[in-house]
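Notes follow once the structure below has been shown.
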Amino acid sequence: MRVLLNIVAFAMCFSRKWLFAILYFISFMCDGVDGWFARKLNQVSTFGAVLDMVTDRVSTACLLAILSQLYRPGLIFLLLLGLDVASHWLQMYSTFLSGKSSHKDVNDKNSWLLRAYYQHRYFMAFCCVGSEVLYIFLFLIHDNLDESLVTVCMNAVEGSLPLSVIFTVSLFGWGIKQIVNVIQVSLSFGAIA
């Protein structure tokens, strides 16, 4: 269902921005529901975890690729795309090399933030939702071709209080998620080497 929602959403992303945002967000929320049901019904598997990660990465990668074409400097979004894919792949790869069954098993890791991220589902959900909401928000508020990311962000914060709150809260969750991504890359390189 998530894949179909994303296909429909991205097919109409430029013609119907709000419908895209709604479908993309519903697809994203299905990820949490899917995981909850898998755990609740004891249907968790390595295949499911990898498929889930690939679906997440492809969805986010597509949105980041679009944002890279809408804003200056677009390279920021492509670097975020690379960090997102690399950190999750390295985390999963190093986890399986160590014989663990889940990339979320980080009890032996040195980073308190990485442990907090994977051991507290609501904290992880806040970071992931914040990140995706920020990307959707940036997509929705974009108006002019080749617009500066900094200018758009400043205007969004100055615009209205509700938009400022959404932007600020999602930016905070996004920031934590990027720090976690950097930690995953650095710790995974150490585990692989």
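The values are calculated or read from the model by the stated rules, or taken from the named source; none is laboratory data. From a predicted model like this one, the values you see are computed outputs, not experimental measurements. Here the Cβ positions follow ideal geometry from the backbone for every residue, glycine too, while neighbour counts run over all protein chains shown. Accessible surface areas use protein heavy atoms only, side chains included; no ligands, DNA or RNA. Shrake-Rupley method; radii C 1.70, N 1.55, O 1.52, S 1.80 Å.
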- Query: For the stretch 54-79, what are the residues that are closer than 17 Å to residue 184 by Cα and under 10 Å from the mean Cα position of the chain (by Cα)?
  - Reply: 56, 57
- Query: Taking into account only those residues within the stretch 128-165 that are part of a helix (DSSP H, G or I) and of a type in the set (D, E, K, R), which is surrounded by the fewest Cβ atoms within 10 Å (Cβ to Cβ)?
  - Reply: 158
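Go through the stretch 1-16 and report how many residues are assigned to a helix (DSSP H, G or I) and open to solvent by 80 Å² or more (accessible area, probe 1.4 Å).
Residues of the stretch 1-16 assigned to a helix (DSSP H, G or I): 2-11.
Next cut, open to solvent by 80 Å² or more (accessible area, probe 1.4 Å) only: 3-4, 7, 11.
Selection size over the stretch 1-16: 4.
Report, by residue number, each residue of the stretch 17-43 that is open to solvent by 80 Å² or more (accessible area, probe 1.4 Å), assigned to a helix (DSSP H, G or I) and among the aliphatic types (A, V, I, L, M). Break it down stepwise before answering.
Keep residues of the stretch 17-43 that are open to solvent by 80 Å² or more (accessible area, probe 1.4 Å), which gives 18, 22, 29, 34, 36-37, 39-43.
Filter once more, keeping what is assigned to a helix (DSSP H, G or I): 18, 22, 29, 34, 36-37, 39-40.
Once the filter is applied, which keeps residues that are open to solvent by 80 Å² or more (accessible area, probe 1.4 Å), assigned to a helix (DSSP H, G or I) and among the aliphatic types (A, V, I, L, M), the stretch 17-43 yields 22, 29.
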- Message: Condition (residue is farther than 30 Å from residue 151 by Cα, more than 19 Å from the chain's Cα centre (by Cα) and of a type in the set (S, T, N, Q)) applied to the stretch 3-22: is it met by at least one residue?
- Response: no
- Output yes when any residue across the stretch 83-95 is out of contact with any strand residue (DSSP E or B) (no Cβ under 9 Å at 6 or more places or on another chain) and over 22 Å from residue 114 (Cβ atoms), and no when none is. no
